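Asker: Below you will find the structure I want to go over with you.
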Amino acid sequence: MATDTDTARIEGFGEVSRVRGIIFEYLSLGASVLGIFALAVLLVYVTIDAFDLAGTSPLWLLTYFVTLVVPFLAFCLYSARDREVTRRAVTVAGGGLVAVAAVFTAIETFVGQIPRLNWQLAYLFVVVAPLTGYLVYMGARGRPGAVGFGLVGRLIGGAAIGLAFSVLFLVFDERLWFLAYTLGIVPGLFAYAYGQLRNSSTAVTAALPVSLVGVVLAVFVRDVLRTYPTTTFIYLWTLAIPIAAAGALVVNARGSRTAALAAGGVPLALAAVVGLFGRAIGLGVGGPNALLVIALAGVPVAVYLHRVFDVGEGVTGLGLPVLLVGGALAGALVVETFGIPTPNSWVSGTFLTEAPSRNARDAGLYPAIVGSVIIIAMVAVLSFVLGVATSVFLEEYTADSGVVGALTRLLQINIANLAAVPSVVYGLLGLGLFANLLGFGFGTAVTVSLTLSLLILPITIISAQEAIRSVPDDLRRGSDAMGATRWQTTKNVVLPEAFPGILTGTILALGRAIGETAPLIMVGAATTVFSAPSSLFSKFSAMPMQIYAWANFPQAEFRYGVVAAGVITLLTILVGMNGTAILLRNRAERGS
Amino acid sequence: MSNTESETQTETEASDSLITTDVETGSNGRSAPSNRTAVAARDLNVFYGDEQAIDDVTMEIPENRVTALIGPSGCGKSTFLRTINRMNDMIEVCRVEGDVEFGGKNVYDDDVDPVALRRKIGMVFQKPNPFPKSIRDNVAYGLKIQGFDGDVDERVEESLKGAALWDEVKDQLDSSGLDLSGGQQQRLCIARAIAPDPEVILMDEPTSALDPVAASKIEDLIDDLAEEYTVIIVTHNMQQAARISDRTAVFLTGGRLVEYDDTTKIFEDPEEQRVEDYITGKFG
């Protein structure tokens, strides 16, 4: 009897329809897959055009696949140390080869020609690229992989920052920087360090005014003083030495004094020797930029090496750069020996270092890259400072009620509306306000940067406000109850906690600024300039402008090859910049 | 006194009568109440907009004693606590009439800087709210913002010892304060509050978000703190008030101070019938 009633009860539950939920789920899945697929196809074709992969001989691809890609994948597998992952990787690589070849041939035979793609390339893009991504992810979880990627990341990142610095010094007066650093920053730092060491709060408080006075003094001295050390010495004194000292301090904090000396000293010595004497002793490289790159890549690498050896895990991962360079060299050697035709890639050393030209093969992006880097640096600083200041004021300092509260709300609504104003309108504003009224000139870096800063300011403000608002009120009250002033609470509790969120918003906004073309056209930025800008008020171009100009050229070589190369360069710089910022943010999130 | 034991004991009896429990009251080994006053309220009225939160309260809180404020929710005891260090200033609709004297001075006088005032009065909140910084930086926070010139590390160690947390965290001073358990976090907040050496410590239901074991540790700690500081604690837990406080103030609805006396007196023989009803759980 009991069982009977039980079944009766269970039958009585009935069913609840989930049809709409399931339809919704698959529709959203389909939409996102469609979006990603469209983007992937676009990127694949841009890559093929930029590197001229369509005309590449399969042998060339095979050579580098064997010397570079396979060892790298093997390294990832070694690091992951997981039988299951290895099995999966081998299955996908092998099975994928057969499947792609079969499907590709079938489509070519029965449906029609697929333009600028052969089955080898299809295999690379459809199977090898995702597999590499997966294995990098899995490999980074093992110690050797983490160490190897950390090392390569520091090498590339340091070098990139060094190059960015050298680009910035094209327009910023390094002699003024030298004076400001020597007269302002160094004394200020000494006062601060002395205060910390001797527990003297007067010295610590004096540090900032001392620096400011020194910087102001530097501006005056700049006009008076006539002789200066060479640029190489200036970089050595103002950038390489402090970076090396910072690295040494980091290592010293972990323990060893000798290691600290080595970590700071060795890269510094190397940078100094190459920078000062590199050309003279026939190294082929030298000068201020080499010094910057070596110092900025060398010091983080040295500090990292010390940590890796200190921890003693995953030391084998340090071989990754050797593996990569060795693989590339071996590939080049094989190609050379057997006379395999190399692809005529549009992205090349000359493309990155030469000025634009009428001839597609000689065309370069250098002045536009420099322009973009300078503009982005200025926009980042301007919009970050203004955005954070505005959002802190709106969130922490204004009252919620009364007249002030109403004004705040009005301001708030207007900022939200400004975020929706088309960029052409901002271009007009920049033209009228900065170029004409304030006389910063048409299409100069200052005008362009100010216009772009205004353009992304609403986005920065709104996201920074969001981040500040998400800091729990408990923390503010806790700090207030300790007798902190509002400024102390903001500086010590709210901003550190909101910083990752603020950074995220700024990164997204900067991504928009770097790709803008319309406001640049409005303020009169040049589509093409033939030499890198030498001051903030010289004629500027930016990467999107140059790419836009090329896209209108009559020759097909420009429209397919050079434009694609420009897009790849733009994307690489954008992704690199965002990646660095995201890494910094993650570190800040973990670290605080 | 062994807190864990009395905790279990009283918890089982909580439902019947509190008055008849054999909880020791006011048993802190401190002799007769000090006659020096740390904080005094005179004719204090507090309004939130049109609503009156505190109704004409006058009371004197003795120095170096634990004073408990009890009463049903919304009776104004937390509001009263926040008037002492002017944390109510943060609430825009809040209006205060009357005097709150601290160190012989009305804290609502025009020449009193609330920020300076709060540096002399520590506060511990209901929910542990350590900053997302290292344990060391949490404790040193007050010292840092006040521009403390002495040996910070020494003061951090002293404060952590004072908050009975030193032995548990001495090897991880650089790890985040958020990695600690709830009870440890609250003790960290206490260490943070006592580091700048305030005169009074205000506690707003400091154990209500903690488990009984952690709560009993905090109670022991409050006992020790009263040696050096004046402690004013808001609590919903009647046994807690009975166990740790020397003086108890009972607030009832409408923000009226109904009875204020030695804890023993309040819990054993209250003057007012309403107070007896409240602490025996007949209403509230």
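The values are calculated or read from the model by the stated rules, or taken from the named source; none is laboratory data. Nothing here was measured: the structure is a model prediction, and the numbers come from that model. Counting neighbours? That spans all protein chains shown, and the Cβs are built from the backbone with ideal geometry, glycine included.
Asker: Those residues that are under 26 Å from A:VAL299 (Cα atoms) and hydroxyl-bearing (Ser, Thr, Tyr), I need them from region A:212-259; list them, please.
Answerer: Residues satisfying the conditions are A:THR230, A:THR231, A:THR232, A:TYR235, A:THR238, A:SER256, A:THR258.
Asker: Taking B:THR58 as the residue in question, decide whether it is touching a residue at least 40 places away in the same chain (Cβ under 8 Å) and crowded, with 22+ Cβ neighbours inside 10 Å.
Answerer: no
Asker: Is it the case that A:ALA532 is at pLDDT 85 or above and away from chain B (no Cβ under 14 Å)? Lay out the reasoning, then the answer.
Answerer: Numbers: at pLDDT 85 or above: no; away from chain B (no Cβ under 14 Å): yes.
No: the conditions fail for A:ALA532.
Asker: Which members of region B:155-167 meet the condition of being surrounded by 15 or more Cβ atoms within 10 Å (Cβ to Cβ) and over 22 Å from the mean Cα position of the chain (by Cα)?
Answerer: Within region B:155-167, B:ARG155, B:GLU157 qualify.
Asker: For region B:164-177, state whether one or more residues are under 21 Å from B:LEU221 (Cα atoms), within 12 Å of chain A (Cβ to nearest Cβ) and in contact with a helix residue (DSSP H, G or I) (Cβ under 9 Å, 6 or more places away or on another chain).
Answerer: yes
Asker: Consider region B:138-154. How many of its residues are more than 9 Å from chain A (Cβ to nearest Cβ) and buried (at least 18 other Cβ atoms within 10 Å of the Cβ)?
Answerer: Going through region B:138-154 one residue at a time, the tally reaches 4.
Asker: Now for a separate question. Restricting to region B:186-200, name every residue that is outside any helix (DSSP H, G or I) and either among the polar types (S, T, N, Q) or within 11 Å of chain A (Cβ to nearest Cβ) (or both). Step through it out loud before you land on a result.
Answerer: So in region B:186-200, the residues outside any helix (DSSP H, G or I) come out as B:195-200.
Answer for region B:186-200, where residues must be outside any helix (DSSP H, G or I) and either among the polar types (S, T, N, Q) or within 11 Å of chain A (Cβ to nearest Cβ) (or both): B:ALA195, B:PRO196, B:PRO198.
Asker: What are the residues in region A:468-485 that are at the interface with chain B (Cβ under 7 Å from one of its Cβ atoms) and within 33 Å of the chain's Cα centre (by Cα), if any?
Answerer: Listed by number, the list holds a single entry, A:LEU475.
Asker: Here's another thing I want to ask about it. Within region A:79-99, restricting attention to residues that are of a type in the set (Val, Ile, Thr) and exposed (fewer than 11 other Cβ atoms within 10 Å of the Cβ), which residue is nearest to A:LEU318 (Cα to Cα)?
Answerer: Result: A:THR91.
Asker: So, in region A:565-590, how many residues would count as being among the polar types (S, T, N, Q) and surrounded by 15 or more Cβ atoms within 10 Å (Cβ to Cβ)?
Answerer: 3
Asker: Still on this structure: For region A:105-164, which residues satisfy the criterion of being in contact (Cβ under 8 Å) with a residue 60 or more places away in the chain and among the charged types (D, E, K, R)?
Answerer: A:ARG116, A:ARG141, A:ARG143, A:ARG154
Asker: Something else: Could you list, in sequence order, all residues of region B:74-93 that are more than 11 Å from chain A (Cβ to nearest Cβ), more than 15 Å from the chain's Cα centre (by Cα) and either part of a loop (DSSP other than H, G, I, E, B) or charged (D, E, K, R) (or both)?
Answerer: B:GLY74, B:CYS75
Asker: Assigned to a helix (DSSP H, G or I), touching a residue at least 60 places away in the same chain (Cβ under 8 Å), under 19 Å from A:LEU452 (Cβ atoms) and among the small types (Gly, Ala, Ser): is that true of A:GLY331 in this structure?
Answerer: no
Residue-by-condition table, conditions (1) surrounded by fewer than 22 Cβ atoms within 10 Å (Cβ to Cβ); (2) not small (Gly, Ala, Ser):
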residue: A:VAL448; (1), (2): no, yes
residue: A:THR451; (1), (2): no, yes
residue: A:GLU466; (1), (2): yes, yes
residue: A:ARG469; (1), (2): yes, yes
residue: A:ASP474; (1), (2): yes, yes
residue: A:GLY478; (1), (2): no, no
residue: A:TRP487; (1), (2): yes, yes
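Asker: Of the conditions (1) within 14 Å of chain B (Cβ to nearest Cβ); (2) surrounded by fewer than 16 Cβ atoms within 10 Å (Cβ to Cβ), A:ALA206 clears all except one; give me its number.
Answerer: (2)
Asker: Every residue in region A:30-78 that is surrounded by 15 or more Cβ atoms within 10 Å (Cβ to Cβ), farther than 23 Å from A:VAL562 by Cα and of a type in the set (Ser, Thr, Tyr), please.
Answerer: A:THR63, A:TYR64, A:THR67, A:TYR78
Asker: A further question on this structure: Restricting attention to region A:29-49, does a residue exist that is among the aliphatic types (A, V, I, L, M), in contact (Cβ under 8 Å) with a residue 40 or more places away in the chain and under 24 Å from A:ALA332 (Cβ atoms)?
Answerer: For region A:29-49, residues among the aliphatic types (A, V, I, L, M), in contact (Cβ under 8 Å) with a residue 40 or more places away in the chain and under 24 Å from A:ALA332 (Cβ atoms): present.
Asker: Filter region A:123-140 down to the residues that are of a type in the set (Gly, Ala, Ser), crowded, with 19+ Cβ neighbours inside 10 Å and within 19 Å of A:ALA101 (Cα to Cα) and list them by number.
Answerer: none
Asker: Can you find a residue in region A:319-335 that is more than 28 Å from the chain's Cα centre (by Cα) and exposed (fewer than 14 other Cβ atoms within 10 Å of the Cβ)?
Answerer: Looking only at region A:319-335, we keep the residues that are more than 28 Å from the chain's Cα centre (by Cα), and these are A:330-335.
Now narrow it down to the ones that are exposed (fewer than 14 other Cβ atoms within 10 Å of the Cβ): A:333.
Yes, there is a match, as at least one residue in region A:319-335 is more than 28 Å from the chain's Cα centre (by Cα) and exposed (fewer than 14 other Cβ atoms within 10 Å of the Cβ).
Asker: Cβ-Cβ distance below 6 Å, separation of 6 or more or different chains: which pairs start in region A:533-548 with a residue that is over 20 Å from A:THR517 (Cβ atoms) and end on one that is part of a loop (DSSP other than H, G, I, E, B)?
Answerer: If the second residue must be part of a loop (DSSP other than H, G, I, E, B), the pairs left are A:PHE537/A:GLY441.
Asker: A further question follows. Is there any pair linking a residue in region B:207-220 that is more than 15 Å from B:LEU180 (Cβ to Cβ) to one that is of a type in the set (S, T, N, Q) and loosely packed, with under 14 Cβ neighbours inside 10 Å, with Cβ under 7 Å and at least six apart or on different chains, and which?
Answerer: Close Cβ pairs satisfying both conditions: B:SER216/B:THR4.
Asker: While we're on this one: Right, B:ALA209: assigned to a helix (DSSP H, G or I) and either among the aliphatic types (A, V, I, L, M) or within 9 Å of another protein chain (Cβ to nearest Cβ) (or both) or not?
Answerer: So B:ALA209 does not fit the description; no.
Asker: What single numbered condition from (1) assigned to a helix (DSSP H, G or I); (2) of a type in the set (D, E, K, R); (3) within 30 Å of A:VAL46 (Cα to Cα) fails to hold for A:ARG307?
Answerer: Here A:ARG307 meets the rest and fails (3).
Asker: Say we look at region A:490-529 and pick out the residues that are within 14 Å of another protein chain (Cβ to nearest Cβ) and without any contact (Cβ under 8 Å) to a residue 40 or more places away in the chain; which of these is surrounded by the fewest Cβ atoms within 10 Å (Cβ to Cβ)?
Answerer: A:LYS491
Asker: Ok, one more. I'm told B:MET203 meets every condition in (1) without any contact (Cβ under 8 Å) to a residue 40 or more places away in the chain; (2) under 19 Å from the mean Cα position of the chain (by Cα); (3) not in a helix (DSSP H, G or I) except one. Can you identify the failing condition by its number?
Answerer: Of everything listed in (1) without any contact (Cβ under 8 Å) to a residue 40 or more places away in the chain; (2) under 19 Å from the mean Cα position of the chain (by Cα); (3) not in a helix (DSSP H, G or I), B:MET203 misses just condition (1).
Asker: For region B:104-137: of the residues being at the interface with chain A (Cβ under 10 Å from one of its Cβ atoms), in contact (Cβ under 8 Å) with a residue 24 or more places away in the chain and among the hydrophobic types (A, V, I, L, M, F, W, C), which is surrounded by the fewest Cβ atoms within 10 Å (Cβ to Cβ)?
Answerer: Here the residue is B:LEU117.
Asker: If you scan region B:139-188, which residues turn out to be closer than 18 Å to A:GLY483 by Cα and of a type in the set (Gly, Ala, Ser)?
Answerer: B:ALA140, B:GLY142, B:GLY147, B:SER159
Asker: So A:PRO458 fits all but one of (1) assigned to a helix (DSSP H, G or I); (2) away from chain B (no Cβ under 14 Å); (3) touching a residue at least 60 places away in the same chain (Cβ under 8 Å); what number is the exception?
Answerer: Of the numbered conditions (1) assigned to a helix (DSSP H, G or I); (2) away from chain B (no Cβ under 14 Å); (3) touching a residue at least 60 places away in the same chain (Cβ under 8 Å), the odd one out for A:PRO458 is (3).
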